[in-house]
Amino acid sequence: MGGNNILGNPAEQRRGNVTLVLAFATLISAFGSSFQYGYNVAVVNSPSPFMQQFYNRTYVERFGHPIDNSLLTLLWSLSVSMFPLGGFFGSLMVAPLVNKLGRKGTLLFNNIFSIVPAIMMGISEIAKSYEIIIVARVLVGICAGLSSNVVPMYLGELAPKSLRGAIGIVSQLFITIGILSAQVLGIRNILGNSSGWPLMLGLTGIPALIELMFLPFFPESPRYLLIQRGDEKTARGALQRLRGRDDVDGELDEMRIEHQSERAEGHLSVLKLLSLRSLRWQLITVIAMNMGQQLSGVNAIYYYADSIYGSAGVEESNIQYVTVGTGVVNVIMTIAAVFIVEATGRKLLLLIGFGICCVSCALLTVSLTFQGSMEWIPYVSIACVLVYVIGHAIGPSPIPCVVTTEMFRQSSRPAAFMVAGSVHWLCNFTVGLVFPFMEKGLGPNSFIMFCFICLVTLVYVWLIIPETKNKTFLEICQLFAHRNNVEDVCADRDIPLNQSAQKETRLKDDNAENVTAF
């Protein structure tokens, strides 16, 4: 494709290095936000018997008689399901907040939805109120809904294109570390007991406090500063800090071209995003990936794991340690994904991951069906659970948020994450609500549906999703232009550089041989 804009030395543009500023900005934002998402997914699992005892004890003190089983089930169901429902509400807040406050500003603001519910849950036993826990779970769900979308967006815009996949997966890595941390703290001898559970729930506020203390010292997204706020000086300074060098003209030029190519669009609302033909397949892909991720059975696998381990002969007192072992496997494989995503690409990891999950669900269905027929069959079930976790950790879990960042440009990215997050949390909520009934009605055959969903998602990835590794946002936009059957609106050949860029271009005449065509 022809083009005559000079975007700096191609070799330098391809070079990506992890500076201390980039590394610490990544770690602090991921620990302060993504970690809390994972932690609150698992924090109520282990202490659930003791929390329900507290619900019953509180009810007796109020009304003089034990709580009805059906009411206790309803209250506990609300305590669990309010978290993904809050996540859905948080996703709806993504676009307006990131456009107004910026990516870093939204993450700092989001800590309100962590610190306040942490205090509420921590004092719930003293206050003798289970209602406080239910309301707090909604608030911490809002925190998770925002962080699960804003952290990948922030990190994707901080990272050089050669490291965008690896750094983008860090958010998912900290989600898995959060889950593992909750599993470890939930061991009966630590905090998963009758006296420790309020502290365990309240600990979610500590990462938020750390983020509030340290994240203000790190840069806002340069793309947000330049494209949405028009503050080139601050954007240049932020980019120089992140890259550890003064020469960042190439990246700034690429941002300017992106800005000029979408200037007429402004900030896209969700309704406008849904109506744009030029973004049709990107939007369909985001919805398909998030549905595939959440409806692939990952939450059901975790839900069913304890009974699988129990039927395999694992003593009830030891199941918690086996569950922690599963969490360790999840973390290890997500770390592996961080290191291999730039070598293998996004598409291959998605295909391998959904393929493994599909086969694991099929084999798990068979092994659960014949669980009692032979002594060794239950161990096959355990192996299927572990293999499924491995498959999901290297592809379906971490890659969708990375690809969502890459498929959309600055004006449409907030609305795209709003759609992606809404689909993610609605599907999460649906699985949590429906799976217990599926398990009761279909038993082991429940996993056949998950097997089918994994297969359909795999075929979609294979046929539709292009490889986005080491490509600029404009190049990825061009990949979808043909599929959307629209003119290549992303191309830069008809977009003049602004006066500032033209001036910088003239200053680089001595490097005129380094002409990059998009």
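The values are calculated or read from the model by the stated rules, or taken from the named source; none is laboratory data. Predicted model only: the values in this text are computed from it and were never measured. Backbone-built Cβ (ideal geometry, glycine too); neighbour counts: all protein chains shown. Accessible surface is based on the protein model in full, side chains and every heavy atom, while ligands, DNA and RNA are left aside. Shrake-Rupley method; radii C 1.70, N 1.55, O 1.52, S 1.80 Å.
Quick notes on this structure:
- A probe of 1.4 angstrom, applied to the heavy atoms of all protein chains, finds W376 with accessible area near 140 square angstrom.
- Computed on the Cα trace of segment 293-372, the radius of gyration divided by the Kirkwood hydrodynamic radius gives Rg/Rh = 1.03.
- Compactness relative to 2.2 N^0.38 Å, alpha carbon Rg of segment 112-211: 1.25
- Applying a length cut-off of 20 Å (Cα extent along the axis) and a mean Kyte-Doolittle floor of 0.0 to the DSSP H helices of the chain leaves 69-92, 130-158, 164-185, 280-295, 316-344, 346-369, 377-394, 413-442, 446-464.
- For the chain, the solvent-accessible area of protein heavy atoms averages 40 Å² per residue (probe radius 1.4 Å; ligands and nucleic acids excluded).
- The Rg/Rh ratio of segment 262-395, with both radii computed over alpha carbons and Rh defined as the Kirkwood radius, is 1.13.
- The charge dipole of the chain, taken about its Cα centre with unit charges on the Cβ of Lys, Arg, Asp and Glu (plus for the first two, minus for the last two), comes to roughly 480 debye.
- Residue pairs, from the table K347/K440; K128/K440; K233/K272; K104/K471; K100/K469, whose Cα atoms sit over 28 Å apart: K347/K440; K128/K440; K233/K272; K100/K469
- Stretch gain in nm, segment S275-V328, where the contour uses 0.36 nm per residue and the Cα spacing is subtracted: 14.8 nm
- Where the Cα pairs of segment 88-142 fall when distances are cut into 5 Å bins, in %: 4, 21, 24, 20, 13, 10, 6, 3, 0
- Sulfur and carbon atoms: percent of accessible area, the chain [1.4 Å]: 66
- Divide the volume of the convex hull around the Cα atoms of segment 331-419 by the residue count and you get 108 Å³ per residue.
- Across V419, V459, V359, the residue with the most accessible area heads the list, and the full order at a 1.4 Å probe is V359, V459, V419.
- Prolate/oblate/rounded call for segment 169-293, Cα gyration tensor, a/c under 1.5 rounded: oblate
- Considering only Cα atoms, the convex hull volume of segment 19-141 works out to 108 Å³ per residue.
- In plain terms, the chain from D231 to W462 could stretch by 79.1 nm, reckoned as 0.36 nm per residue minus the Cα-Cα distance.
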